[in-house]
Amino acid sequence: MKKIAESVLALINRDDAAIKAGMIMEDAGFKVYPASVHKLGAAVVMMGRDDEKRYLLVVADSAKAMPLYFQGEAVKLADGGEALVCELSEVNADALRKHFPWCAPRSLRNERTTIGCGDRLGLASFGHIKAARKVQAYPVLAQQSMRELTMTGRTFRQVVDDACFMVFAADYRDGYGADGDHLKTIPDIDVALAAGMPMITLDLSEVMNAAAGDWEKAEVEAAFAAMPADLQKRIIADYAGKTFVLGDVTVSVDELTAKRCAVMYTAALDFALKVYEHLKAARGDEFDLEISIDETTSPTLPSHHLFIVRELRLRNVEFSSLAPRFIGEFQKAIDYIGDLDEFDRQFKVHALIAQNYGNYKVSVHSGSDKFAVYPTVGRETRHYLHLKTAGTSWLVAVTVIAENDPALYRDMHKCALENFNDMLKLYHITADITKIPAVDTLSDAQLPALMDMPEARQLLHITYGPILCGALRERFFKAMHKFEAEYEAALEKHFDKHLTLLGVPAK
């Protein structure tokens, strides 16, 4: 590492390109990420790795020229120069964001196509960035839910910092997002905001009255009659018996549907207003609010979608995207289950509602690997969309392990089987895991093919918590560090497939 620093010191007065061209990039097992070399006054900041971990390396021509805020181990160099070897810590992530503002996530509310790139490991951004650079789309590199944080033992701040370091190392300056996913309370939202997350996905499932969707007419009528008289009068006047024209389709709302929607959604929409005002006070216009109504057992009818967005507009709630619960099954880790023709018909109406009521993004949750519906999603939204992926990047990592460290994969697979029933309490899947062959009957060469099997994909998808937080954690992360290049290449290829089927235009 010292030879690298000395070589940089000799070039310290030149520009970034000259320093990169002339410096030593590898010394005694430490390798510099070439794109990470950045001039900063009379200093150079870069990121590299050895066989165990990654570091920041800061080189200055004197102690006085050392940039502020970085913390690390000081190394004296020739002619009064100094290097600082820095851990990838919270303090040093803050330092990067202060000196290189493009390392911080930003609002993507004005960007047409955004892709939520769930990264449960803090290792996936290199591959995500490579894919995103090819197309007219912006990645949300830092995206986690409270459930995922609990399962992985991470914090929102760690999620943001992990993305920050990789953005710096890749020299990615186009802008990226950070999403506090499926948050339900203002205290949880505040934690995400404090970590620098400009996107909040507001999950309304616990404040909406979803059960009313199945009530008989008399029960709906009784609940509606208990609502304030002025609200009843407005709902009837605005919706009952009305037909709304959306291009070449119409959405009709009868009186019972109007009342049912009021009973189901009014409290949730009032809470959405409260959250919006909270976000506005905290971040001005620099935030992305996504409204999520997808965590229900019944699909969101077009008439309900229309009611929700009209009521949000009435409350002057500005939102960037909205996630309905679509018809069919959007189960984790596998392709769409359901009638594709009916999906196409209904999705077109959802897209037209979005286009006619503010042109917000239609958001597709559990969007990982839903290859069958991507052409429809891309076409009907005109790419004004947000696709949310989560576990697919984890499964790419699992595949890389199966290909390169079969002994570790076998232990991960057995851990997944041991914990599967417990994880079913947290995730809805219908996989029959008895169809998965016993892992001890398979050769090493046969293991990667398991990740082409829906049942095995779902098994490994929902059991990431016990694998990442149990006895296998250290072995897993050591292996992922070793196979960093393989993971990056596999992720790039996997996300290329997502983006191509969506039809996202190339840059």
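For the reader, a short list of remarks on this structure follows.
- If only residues of the stretch 68-90 that are surrounded by fewer than 13 Cβ atoms within 10 Å (Cβ to Cβ) and at pLDDT below 95 are counted, the one that is farthest from Ala169 (Cα to Cα) is Asp79.
- Any chance Ala65 is small (Gly, Ala, Ser), surrounded by 12 or more Cβ atoms within 10 Å (Cβ to Cβ) and either part of a helix (DSSP H, G or I) or modelled with pLDDT under 95 (or both): no
- Residue in the stretch 399-411 that is of a type in the set (Phe, Trp, Tyr) and closer than 20 Å to Met151 by Cβ present: yes
- Residues within the stretch 456-479 that are surrounded by fewer than 17 Cβ atoms within 10 Å (Cβ to Cβ) and within 14 Å of Leu424 (Cα to Cα), tallied: 0
- The set of residues in the stretch 357-395 that are out of contact with any Gly (no Cβ under 7 Å at 6 or more places or on another chain), in a helix (DSSP H, G or I) and farther than 28 Å from Arg147 by Cα comprises Thr376, Glu380, Thr381.
- So Leu56, is it within 35 Å of the chain's Cα centre (by Cα), of a type outside the set (Phe, Trp, Tyr), surrounded by 21 or more Cβ atoms within 10 Å (Cβ to Cβ) and farther than 18 Å from Gln158 by Cα: no
- Applying a threshold of 6 Å to beta carbon distances and a minimum spacing of six or more residues, or different chains, the list of pairs starting in the stretch 135-161 at a residue that is free of Cβ contacts under 8 Å to residues at least 40 places away in the same chain and ending at one that is part of a helix (DSSP H, G or I) reads Pro139/His128; Pro139/Ala132; Leu141/Ser125; Leu141/His128; Leu141/Ala163; Gln144/Val159.
- Residue tally, condition within 25 Å of Ala211 (Cβ to Cβ) and either under 24 Å from the mean Cα position of the chain (by Cα) or surrounded by 15 or more Cβ atoms within 10 Å (Cβ to Cβ) (or both), over the stretch 239-254: 3
- Of the residues making up the stretch 450-488, those that are under 19 Å from the mean Cα position of the chain (by Cα) and among the small types (Gly, Ala, Ser) number 1.
- Qualifying positions in the stretch 13-38 - over 12 Å from Leu57 (Cβ atoms) and crowded, with 19+ Cβ neighbours inside 10 Å: Ile19, Lys20
- Among the candidates Thr185, Thr155, residue that is over 15 Å from the mean Cα position of the chain (by Cα) and in the same structural domain as Leu468 (by TED's automatic domain parsing): Thr185
- A single entry from Ala272, Ala258, Ala212, Ala262 fulfils the requirement of being closer than 30 Å to Cys164 by Cα, surrounded by 17 or more Cβ atoms within 10 Å (Cβ to Cβ) and at pLDDT 95 or above: Ala272.
- Qualifying residue in the stretch 426-446 (condition: within 25 Å of Tyr374 (Cα to Cα), assigned to a helix (DSSP H, G or I) and not β-branched (Val, Ile, Thr)): no
The values are calculated or read from the model by the stated rules, or taken from the named source; none is laboratory data. All values derive from a computational prediction rather than experimental measurement. Positions of Cβ are generated from backbone atoms using ideal geometry, with glycine treated the same way; all protein chains shown enter the neighbour counts.
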